[in-house]
1. Being in contact with a strand residue (DSSP E or B) (Cβ under 9 Å, 6 or more places away or on another chain), among the aliphatic types (A, V, I, L, M) and modelled with pLDDT of 85 or more is true for just one of 14, 37. Which residue is that?
2. Can you go through 25, 42 and tell me which one is within 11 Å of the chain's Cα centre (by Cα) and closer than 16 Å to residue 78 by Cβ?
Amino acid sequence: MIFSGIQPTGVPHLGNYLGALRQWVKLQNEAPDSTTLLYSIVDLHAITVEQNPEQLLQWETEMLATLLAVGLDPKRSTIFFQSDVRQCKTVMHDKTLNITTRFPLTQSSCGCSIDRLVLAVYGG
């Protein structure tokens, strides 16, 4: 199994193509047919900073179009949005509760809102 993901946070650039997208297409074309290929648009990771919801939705759509345009084939590779997987949201919720319990921070001690801090810690 091969799994990788990309954040939908703007126009993909040369670094995205050379570092990930080109490799994903190569893996798709060279991996044995028995290999499961999973590529995710990790939209939950994109909300570790404040986002305009309409803009984020547009970037998600554009990222999907980009993945198809570079050559990912949905007949061979599973392409999905992280937020469409219920378990990802459940794990995020559970980790958020765990983090806020284990790391009791105040807004004044970290200089940011607790919600943003929790998402940043979870999102990496």
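The values are calculated or read from the model by the stated rules, or taken from the named source; none is laboratory data. Quantities reported herein were computed from a predicted structural model and do not represent experimental measurements. Reconstructed Cβ throughout: ideal geometry from the backbone, glycine too, with neighbour counts over all protein chains shown.
1. 37
2. 42
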